[in-house]
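Written below as structure tokens is the structure these notes are about.
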Amino acid sequence: MAKSQIFTCSACGASHSKWSGRCDACGEWNSIVEEAPLSTGPGKKALGGLKGRQVPLLELNTPEAPPPRSQSGLDELDRVLGGGLVPASATLVGGDPGIGKSTLLLQAAARFAGAGLSCIYVSGEEASAQVRMRAQRLGLGDAAVRLAAETNLRDILTTLDTERPDLVIIDSIQTMWTDTVEAAPGSVSQVRSAAHELVTFAKRRGCSVILVGHVTKEGQIAGPRVVEHMVDTVLYFEGERGHQFRILRAVKNRFGPADEIGVFEMTGGGLTEVANPSALFLSDREARAPGAVVFSGIEGTRPVLVEFQALVAPSPTPQARRTVVGWDSSRLAMILAVLEARCGIPFVGLDVYLNVAGGMRVSEPAADLAVAAALLSAREDAALPSDMVVFGEISLSGALRPVSQTENRLKEAQKLGFSQAALPDRSSGSAPTGFGTRPVKDLATFVGEMFGAG
Ligand code: TYD
Ligand code: MG
């Protein structure tokens, strides 16, 4: 009997019945690869026919203490983890190659070791000597972290079973392989089965594991999204190559809020924490620059101020450009459409560039009004008052909708020296004393007040 073939997307893990150039599920090109079929699964006989073990059932209201967490002392990391590392948890840290994942985790391992956890760092990419050299460069030569350079998962699990560490870091999951799966290291089935073994080990032996996963573009190596569903916490380490800022973002967390961010700066001596990201993102702001607008946003539990920069210029080609860095491009298209339809301000024949300063990525709809303000300010070549922050969600009718945590946004703005805000008129919460607000009903009113009618 011919074996049924399985095709899997190495970026998102979706299964397909036949090969195609583009994955329907995630839209990635050239990422679909043929996989060896996994175990055949349950047979034709019904499961209930054979005698299984009786599984104990528990009441939902059985008292359960909150998990004791271990803090690394790196506040930016602890906060993103939801207040510290939970014992027996599995965490995935994804990111582009070279962004600083190994550096971050080596520093974290040293801190956790300093806090009394026994830590093992398993590198499948670098020799132990290389890791030691990096540790010395980071000033962590004396940290009580034990190293191994190994990729055979069976040997690693045997070692962990005798050593019983509190925390093990696997750098990276794509280099690990198990001999039970007939596929090359890095393929979807190897990555899945290695992650499954490690996560099961973590739960059974009460040891926390942190898996490193490289984000990949081509289909030869499976990306971290393939294992996202198996782990408790998924963190992505992001940043622009040219910038020294790095953002650790929780996209899934079973033990804390998702969307929390931690901000770091890559220096010659490793990653340092940035306790006040707003001050950093606004650090080299020009006074009264047309097209630049400060948005008072919320990232996780913390307010963060960032600057939106827009450039609007006549397009040399019939097809005008829309280029966005750090924000959603379809959201930009929506705001351009609302400006045109509800305020009569056309962007036809104009190239539009939108950028979030500092390499930050904003996903809140609350930034709509700031984006609209930046676009108008660039188009009219008129700067907004330099002491003003802007936030509010724009609906398709052009009306402004209030957003959450107005007071926190205003307080953070005042702390950084701003003294007024344009915000939706139905916002709840009061402004701090000495802080001016300009409540706006809809986008057309905002345009009229800020830039003169039309
Ligand atoms: P690395 O942690 O190896 O990235 P990843 O594990 O995500 O692939 O970091 C690589 C980059 O970080 C490299 O380009 C050099 C830079 N770096 C510094 O700038 N300072 C440092 O102290 C270290 C260790 C690395
Ligand atoms: Mg690395």
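Inspect all residues belonging to region 216-230 and state whether any of them is under 24 Å from residue 408 (Cα atoms) and within 16 Å of ligand 2 (Cβ to nearest atom).
Of all residues in region 216-230, those under 24 Å from residue 408 (Cα atoms) come to none.
Among the residues of region 216-230, not one is under 24 Å from residue 408 (Cα atoms) and within 16 Å of ligand 2 (Cβ to nearest atom), which makes the answer no.
Give the number of residues within region 172-183 that are in a helix (DSSP H, G or I) and either among the aliphatic types (A, V, I, L, M) or more than 16 Å from ligand 2 (Cβ to nearest atom) (or both).
So the first thing to find is which residues in region 172-183 are in a helix (DSSP H, G or I), and the list is 173-175.
Filter again for either among the aliphatic types (A, V, I, L, M) or more than 16 Å from ligand 2 (Cβ to nearest atom) (or both), leaving 173.
Number satisfying all stated conditions: 1.
State all residues of region 132-141 that are more than 15 Å from ligand 2 (Cβ to nearest atom) and either in contact (Cβ under 8 Å) with a residue 12 or more places away in the chain or in contact with a helix residue (DSSP H, G or I) (Cβ under 9 Å, 6 or more places away or on another chain) (or both); if no residue qualifies, say none. Working first, answer last.
The initial filter retains those residues of region 132-141 that are more than 15 Å from ligand 2 (Cβ to nearest atom), namely 136, 139-141.
Within region 132-141, 139, 140, 141 meet the criteria.
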- Task: Restricting attention to region 268-300, report how many residues are more than 19 Å from residue 407 (Cβ to Cβ) and part of a strand (DSSP E or B).
- Result: 6
- Message: Among the residues that make up region 58-69, is at least one of them touching a strand residue (DSSP E or B) at 6+ places or on another chain (Cβ under 8 Å) and either modelled with pLDDT under 85 or part of a loop (DSSP other than H, G, I, E, B) (or both)?
- Response: yes
- Taking only region 269-289 into account, find how many residues are crowded, with 20+ Cβ neighbours inside 10 Å, more than 16 Å from ligand 2 (Cβ to nearest atom) and modelled with pLDDT of 90 or more. 0
- Query: Taking into account only those residues within region 108-149 that are charged (D, E, K, R) and within 13 Å of ligand 1 (Cβ to nearest atom), which is surrounded by the fewest Cβ atoms within 10 Å (Cβ to Cβ)?
  - Reply: 137
- Note on the structure: Filtering region 243-290 for residues that are touching a residue at least 40 places away in the same chain (Cβ under 8 Å), within 16 Å of ligand 1 (Cβ to nearest atom) and not aliphatic (A, V, I, L, M) leaves a count of 9
- Query: Among 383, 367, which is the only one that is touching a residue at least 40 places away in the same chain (Cβ under 8 Å) and under 25 Å from residue 251 (Cβ atoms)?
  - Reply: 367
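Would you call residue 227 surrounded by 24 or more Cβ atoms within 10 Å (Cβ to Cβ) and touching a Pro at 6+ places or on another chain (Cβ under 8 Å)? Steps first, answer last, please.
On the way: surrounded by 24 or more Cβ atoms within 10 Å (Cβ to Cβ): yes; touching a Pro at 6+ places or on another chain (Cβ under 8 Å): no.
Against the criterion (surrounded by 24 or more Cβ atoms within 10 Å (Cβ to Cβ) and touching a Pro at 6+ places or on another chain (Cβ under 8 Å)), residue 227 does not qualify.
Can you name the residue in region 231-262 that is hydrophobic (A, V, I, L, M, F, W, C) and within 16 Å of ligand 2 (Cβ to nearest atom) and is also farthest from residue 122 (Cα to Cα) among such residues? Before the answer, list the steps.
Step one: filter region 231-262 for residues hydrophobic (A, V, I, L, M, F, W, C), giving 231, 234-235, 237, 245, 247-248, 250-251, 255, 258, 261.
From what is left, the residues that are within 16 Å of ligand 2 (Cβ to nearest atom) are 235, 237, 248.
Values: 235: 19, 237: 19, 248: 21 Å.
For region 231-262, the residue satisfying everything is 248.
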- Going through region 77-107 in order, the residues found to be out of contact with any helix residue (DSSP H, G or I) (no Cβ under 8 Å at 6 or more places or on another chain), closer than 21 Å to residue 226 by Cα and either more than 12 Å from ligand 1 (Cβ to nearest atom) or part of a strand (DSSP E or B) (or both) are 81, 91
- Hey, among 213, 186, which residue is within 16 Å of ligand 2 (Cβ to nearest atom), under 30 Å from residue 29 (Cβ atoms), touching a residue at least 60 places away in the same chain (Cβ under 8 Å) and buried (at least 19 other Cβ atoms within 10 Å of the Cβ)? 213
- Task: May I ask you to list pairs of residues, at least six apart or on different chains, whose Cβ atoms are under 6 Å apart, with the first in region 72-100 being under 28 Å from residue 222 (Cα atoms) and among the small types (Gly, Ala, Ser) and the second being more than 16 Å from ligand 1 (Cβ to nearest atom) and in a strand (DSSP E or B)?
- Result: 82/253; 89/208; 90/209
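Being hydroxyl-bearing (Ser, Thr, Tyr) and more than 16 Å from ligand 1 (Cβ to nearest atom): is that true of residue 62 here? Please lay out each step first, then the result.
Details: hydroxyl-bearing (Ser, Thr, Tyr): yes; more than 16 Å from ligand 1 (Cβ to nearest atom): yes.
Here the answer is yes, as residue 62 does meet what is asked.
Filter region 108-120 for residues that are touching a Gly at 6+ places or on another chain (Cβ under 8 Å) and in a helix (DSSP H, G or I); which is nearest to ligand 2 (Cβ to nearest atom)? Can you show your working first?
Filtering region 108-120 down to residues touching a Gly at 6+ places or on another chain (Cβ under 8 Å) leaves 111, 114-115.
If we keep only those that are in a helix (DSSP H, G or I) as well, we get 111, 114.
Values: 111: 18, 114: 22 Å.
Checked region 108-120; the qualifying residue nearest to ligand 2 (Cβ to nearest atom) is 111.
The values are calculated or read from the model by the stated rules, or taken from the named source; none is laboratory data. The structure presented is a predicted model; accordingly, all values stated were derived computationally and were not measured. As a convention, Cβ positions derive from the backbone with ideal geometry for all residues, glycine included, and neighbour counts pool all protein chains shown.
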